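Encoded as structure tokens, the structure appears first; notes follow it.
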Amino acid sequence: MFEINNATPIAALTVGQFTELLMRTRLQEKETAAPSIIGKDECCKLTGYSINTLNKFICERRIPAYKRGGKVLFKRQEIEDWMTSDRRETTDEYLGKKDGEFVQKRRGGRK
């Protein structure tokens, strides 16, 4: 049997070998891809919060969660969006906004 390795040129592969290699690669990608639905343990790893804090947030409805059959589930993207939702302005952004307000006041509210 012909051994396929990193030094094997693609032109040396048969269609069957190439198809098998492609299928194995896709299978590996699926196995390593992060799941979009996660449980409490994975959510704790993602957010850095303890289980107790996470349970508190769930009870207070402060974190987006789903309950299904007694299990609490989360959508990874929703948790990532939730974690980045309360962005604070940088000093430059704040000063720029205040400068604009000051200039507008000096003009008597005209633009």
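Observations on the structure shown:
- In the set (1) of a type outside the set (Ser, Thr, Tyr); (2) touching a helix residue (DSSP H, G or I) at 6+ places or on another chain (Cβ under 9 Å); (3) in contact (Cβ under 8 Å) with a residue 12 or more places away in the chain, the condition left unmet by Glu78 is number (2).
- In the stretch 59-80, the residues that are surrounded by 13 or more Cβ atoms within 10 Å (Cβ to Cβ) and within 12 Å of Gly39 (Cβ to Cβ): Ala65, Val72, Leu73, Phe74, Lys75, Arg76, Ile79
- Considering only residues in the stretch 41-53 that are under 18 Å from the mean Cα position of the chain (by Cα) and not charged (D, E, K, R), the one that is surrounded by the most Cβ atoms within 10 Å (Cβ to Cβ) turns out to be Cys43.
- Enumeration of residues in the stretch 56-75 that are assigned to a helix (DSSP H, G or I) and touching a residue at least 12 places away in the same chain (Cβ under 8 Å): Ile58
- Gln17 assigned to a helix (DSSP H, G or I) and free of Cβ contacts under 8 Å to residues at least 12 places away in the same chain: no
- Leading residue by the ranking (nearest to Ala65 (Cα to Cα)) among those in the stretch 81-92 that are surrounded by 10 or more Cβ atoms within 10 Å (Cβ to Cβ) and modelled with pLDDT of 90 or more: Trp82
The values are calculated or read from the model by the stated rules, or taken from the named source; none is laboratory data. Owing to the predicted nature of the structure, the values given are computational and were not obtained by experimental measurement. Note that each Cβ is placed from the backbone with ideal geometry, even for glycine, and that neighbours are counted across all protein chains shown.
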